[in-house]
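Working notes for the structure below.
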Amino acid sequence: MARIAVCPGSFDPITYGHLDIITRAAKVFDEIYVVVLNNSSKKPLFSVEERIDLIEKVTRHIPNVKFDSFQGLLVDYAESVNANAIIRGLRAVSDFEYEMQITSMNRVLNDKIETFFIMTNNQYSFLSSSIVKEVAKYEGKISELVPVEVEEALVKKFNENQK
Ligand code: PNS
């Protein structure tokens with residue numbers, strides 16, 4: 001039986017921190033679905049299509065990674081692709097409470113799907129999409145935080161938004 005996992009998130013936009021988690025998960029699972037979902041507490045900068053396009057561009061070198069989007073519950077998406085695992089990255093203790101909450105909720109919704117956590121590399125422990133957007137907005141250097149395709153998309157987006 002293939003080991004299929006879902007790597008969910010807002011990915012607004014994907015960063016080197018996300019890419020690190022996806023790359024490492026892809027070594028353990030046969031197939032990884034990177035899926036853009038709605039986080040009702042966030043207002044995204046990029047459209048779902050733009051986010052998927054960036055994920056596609058920066059993961060195309062990893063053969064067992066697929067990408068998708070879904071409007072609905074994560075566990076329903078996981079079931080629809082026959083995944084029995086959810087992968088989340090953990091950066092610091094501050095992530096723990098939030099992650100525990102959504103993991104417990106997902107388990108209540110579907111206890112056949114297990115959540116696995118991967119600790120981010122130390123070099124990315126401070127990194128978040130929000131921080132990247134903040135720095136990019138004020139034209140700070142983000143080349144060490146996101147792939148070049150994402151950097152270009154951020155520059156373009158903030159230039160457009162200024163018009
Ligand atoms: O990158 P994020 O914003 O931390 O990802 C959070 C996300 C999108 C995975 C989470 O909000 C989610 O699973 N949304 C889909 C709706 C859902 O399944 N909610 C129930 C679990 S709280």
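Since every read-out is calculated from the coordinates, none of them should be taken as a lab result. All of these numbers come straight from a predicted model, not from anything done at the bench. Here the Cβ positions follow ideal geometry from the backbone for every residue, glycine too, while neighbour counts run over all protein chains shown.
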Exercise. GluC sites (Glu not before Pro) within segment 18-84: which are DSSP loop residues with at most 15 other Cβ atoms inside 10 Å?
Worked result: none
Exercise. Plugging the Kirkwood radius over Cα pairs into Stokes-Einstein for the chain, at a temperature of 25 °C and a viscosity of 0.890 mPa s, what D comes out in µm²/s?
Worked result: 151 µm²/s
Exercise. Which of the trypsin sites (Lys or Arg not before Pro) across segment 75-158 are loop residues per DSSP, with 12 or fewer other Cβ within 10 Å?
Worked result: K112, K141
For this session: Note the full-extension length gain between A2 and F96 as 0.36 nm times their separation in residues minus their Cα-Cα distance, in nm to one decimal.
Result: 30.9 nm
Exercise. Where in segment 106-124 does the label zone of K27 land, with the point 7 angstrom along Cα→C-beta and an amide N cut-off under 19 Å?
Worked result: 116-124
Exercise. Over the chain, what relative contact order in percent results from Cα pairs under 8 Å that are six or more residues apart?
Worked result: 28 percent
Problem set entry | Cα long-axis angle, helix 48-59 against the chain (0 to 90 degrees, to the nearest 10) | 80 degrees
Exercise. Given only helices, namely DSSP H runs of n ≥ 4 each adding -39500 (n - 2.57), what is the per-residue ellipticity at 222 nm of the chain, to the nearest 500 deg cm²/dmol?
Worked result: -14000 deg cm²/dmol
Exercise. Which angle between 0 and 90 degrees, to the nearest 10, do you get for helix 148-162 versus the longest principal axis of the chain when only C-alpha atoms count?
Worked result: 60 degrees
For this session: Considering only lysines 8 or more places apart in sequence, or on different chains, count the pairs in segment 4-125 whose C-alpha atoms sit under 26 Å apart.
Result: 9
Problem set entry | Globularity index of segment 108-155, i.e. its alpha-carbon radius of gyration over 2.2 N^0.38 Å | 1.61
Exercise. Label D53 and M119 with points 7 Å out from Cα along Cα→Cβ: what is the distance between them in nm?
Worked result: 3.8 nm
Problem set entry | For segment 104-109, 3J(HN,Hα) per residue [Karplus equation, 6.51 cos²θ - 1.76 cosθ + 1.60, θ = phi - 60°, Hz, x = Gly/Pro] | 5, 5, 4, 5, 5, 6
Problem set entry | Förster-model FRET efficiency, 35 Å R0, S128 and V108, C-beta, rounded to 0.05 | 0.85
